[in-house]
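The values are calculated or read from the model by the stated rules, or taken from the named source; none is laboratory data. Fair warning: this is a prediction, and the values are worked out from it, not measured in the lab. Every residue, glycine among them, receives a Cβ derived from its backbone with ideal geometry; neighbour counts consider all protein chains shown. Accessible surface is based on the protein model in full, side chains and every heavy atom, while ligands, DNA and RNA are left aside. Shrake-Rupley method; radii C 1.70, N 1.55, O 1.52, S 1.80 Å.
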Amino acid sequence: MGQVTGNSPSTYRAYLRGAVDRIPQLQGLSDDQRLALKTVSAVLPFKVNNYVVEELINWDDIPNDPIYQLTFPQEGMLATDDFRRVRDLIHSEASPGQLAVAVEEIRRGLNPHPGGQLELNVPRLDGEPVAGLQHKYRETVLFFPSHGQTCHAYCTYCFRWAQFVGSKELKFASSDVTTLVRYLAEHPEVTDVLITGGDPMTMKTRVLRRYLEPLLEVETLTSIRLGTKSVAWWPQRFLEGEEADDLMRLFEQVQARGKHLALMAHYSHPRELSTQVAEQALRRISSSGAVVRCQAPLIRGVNDSAEVWAELWKRQVRLGAVPYYMFVERDTGPKEYFKVPLARALDLFQEAYGTISGLARTVRGPTMSATPGKVQVVGSTEVAGERLFVLKVLQARDPRWINEILFARYDAEAAWLTELRPALGSDEFFAQTPRQAAPRASRPSARVALPLAEVLGS
Ligand code: SF4
């Protein structure tokens, strides 16, 4: 493993919850540790593969190894009561029905669809909700292909964990690309489609082609984005065998039709770019003309270090990729285990940003993908004796909010937008600049308020 083997593909082997006892590297765990792993993975999704286990994890450093933390569930990822409840049921060999009831209750308490995805983002066509589609920002729709709702391995912090476990109504998915095309015809303002999941790169190329080709006929569409972590979890996808060759042809086909193809690559740690296959995959994607933009959340125990981020961005630039976002861990799933306060995230971002060249400063962060939109913590400062955070709305459900600057009271512990409060004696997050959507002459001079209720619903 780790070597490119020409046209003979490596064998991909997934390890799911039931295979925990068969992972040789786990044999050193105590019975309690193994029970903890089985307990948490009964609630949250768990999957690793042979490449992650053999090439990316440093087994001499578990449980602290960042890639181990990134893939193997830990006891602290569930609240103590929830953990004990499930552990005791497993230990006492409770019936599958009893376990399922407990697990479902716990999952529903973990905010499975943050950011108002179910209530606010699902668009309508002919008066009916469109399955497998989210339309939050004017120019971009998200499409969740049914065949791509899994990943080559699961991240323990996954903000889309509800896509992989639990009841059907917690999931977004559609195989109906015709409806997507109809929706785009009715919404010419949409220029970008993000194919996401899960990971669309888990699909066979011929299946991915079935989703992409109809989009090439949509004249108003300028960009197709593919959200993926396969570059980190299974880079062989882009290198080996006829599948990979066909994928490169598909990438070229998209661009030959005048569309921009962007791989929204999810890299959490520089180790994911340390193997030969990982480097070669990135270079091959770039050679197809697709642009790789890199993003990941800041996660405690995985990448909460300025050196780690600086190294990650440097490697990305060296390999021709574009650093894009450092996100803040979202308010879902095991958030309490992974969260990093905004103040620390800002310090860490600024320290890392100060050590990289201008080419890597395409990255934006720390950024919260919240109910009103993407809100960046730009800095902290003092005004009239009050310490505050300066926030900027990078993307917004309501386009009038884009580029607005907000002030929030400085709070060393706050880890999400809902935990912040307006500063300077205000009871609302006021915007400081004119509306962006209106032509300059007709812009109102009054400030545009970002309603506090919107923020608190984040
Ligand atoms: S790659 Fe993305 S969707 Fe898949 S498990 Fe990781 S965070 Fe979740």
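When each of GLY385, GLY425 is tested for being modelled with pLDDT under 90, on the phi > 0 side of the Ramachandran plot and open to solvent by 40 Å² or more (accessible area, probe 1.4 Å), the lone residue that passes is GLY425.
Filtered by the rule that a residue be outside any loop (DSSP other than H, G, I, E, B) and either open to solvent by 10 Å² or more (accessible area, probe 1.4 Å) or aromatic (Phe, Trp, Tyr) (or both), the range 135-160 gives HIS135, LYS136, TYR137, THR140, LEU142, PHE143, SER146, HIS147. Being modelled with pLDDT of 85 or more and over 27 Å from PRO235 (Cβ atoms) is a description that applies to LEU180.
Within the range 98-134, the set of residues being surrounded by 13 or more Cβ atoms within 10 Å (Cβ to Cβ) and polar (S, T, N, Q) comprises ASN111, GLN117, ASN121, GLN134.
Of all the numbered requirements in (1) of a type outside the set (Ser, Thr, Tyr); (2) open to solvent by 20 Å² or more (accessible area, probe 1.4 Å); (3) touching a residue at least 60 places away in the same chain (Cβ under 8 Å), PRO214 misses one, and that requirement is (3). Of all the listed residues (GLY289, GLY320, GLY354), the sole one being modelled with pLDDT of 95 or more, on the phi > 0 side of the Ramachandran plot and out of contact with any Phe, Trp or Tyr (no Cβ under 9 Å at 6 or more places or on another chain) is GLY320. Scanning the range 395-422 for residues being surrounded by fewer than 18 Cβ atoms within 10 Å (Cβ to Cβ), under 24 Å from the mean Cα position of the chain (by Cα) and of a type in the set (Val, Ile, Thr) gives a total of 1.
Only one of the numbered conditions (1) in a helix (DSSP H, G or I); (2) in contact with a Gly (Cβ under 8 Å, 6 or more places away or on another chain) is violated by GLN280, and that is (2).
Rundown of residues vs (1) under 30 Å from ARG87 (Cβ atoms); (2) away from the ligand (no atom under 16 Å from the Cβ); (3) not aromatic (Phe, Trp, Tyr), yes/no style:
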{"residue": "VAL141", "(1), (2), (3)": "no, yes, yes"}
{"residue": "PRO145", "(1), (2), (3)": "no, no, yes"}
{"residue": "ALA153", "(1), (2), (3)": "yes, no, yes"}
{"residue": "THR178", "(1), (2), (3)": "no, yes, yes"}
{"residue": "LEU216", "(1), (2), (3)": "no, yes, yes"}
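Across the range 161-201, which residue is nearest to VAL218 (Cα to Cα) among those that are β-branched (Val, Ile, Thr) and surrounded by fewer than 23 Cβ atoms within 10 Å (Cβ to Cβ)? By that ranking, first place goes to VAL181.
Selection of the range 388-414 for residues being within 23 Å of VAL190 (Cβ to Cβ) and basic (Lys, Arg) yields ARG397, ARG400.
Quick grid of which residues meet (1) closer than 30 Å to PRO96 by Cβ; (2) away from the ligand (no atom under 16 Å from the Cβ); (3) acidic (Asp, Glu):
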residue: ARG160; (1), (2), (3): yes, no, no
residue: LYS171; (1), (2), (3): yes, no, no
residue: SER175; (1), (2), (3): yes, yes, no
residue: ILE195; (1), (2), (3): no, no, no
residue: ASP199; (1), (2), (3): yes, no, yes
residue: THR202; (1), (2), (3): yes, no, no
residue: TYR211; (1), (2), (3): no, yes, no
residue: LEU221; (1), (2), (3): no, yes, no
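Within the range 218-240, identify whether any single residue is open to solvent by 10 Å² or more (accessible area, probe 1.4 Å), under 25 Å from PRO9 (Cβ atoms) and aliphatic (A, V, I, L, M), and answer yes or no. Yes, the conditions are met somewhere in the range 218-240.
The C-beta contact set for the range 149-160 (first residue touching a residue at least 24 places away in the same chain (Cβ under 8 Å) and farther than 16 Å from ALA265 by Cα, second residue near the ligand (Cβ under 8 Å from one of its atoms) and open to solvent by 20 Å² or more (accessible area, probe 1.4 Å), distance under 8 angstrom, 6+ apart or interchain) comprises GLN149/PHE164.
Would you check if VAL190 is aliphatic (A, V, I, L, M) and either touching a residue at least 40 places away in the same chain (Cβ under 8 Å) or out of contact with any Phe, Trp or Tyr (no Cβ under 6 Å at 6 or more places or on another chain) (or both)?
Yes; evaluated as a whole, the condition is true for this residue.
Here the helices (runs of 4 or more DSSP H) wholly within the range 183-274 that include at least 1 residues being small (Gly, Ala, Ser) are 230-233, 241-256.
Filtered by the rule that a residue be more than 16 Å from the ligand (Cβ to nearest atom) and in contact with a His (Cβ under 8 Å, 6 or more places away or on another chain), the range 223-255 gives SER223, ILE224.
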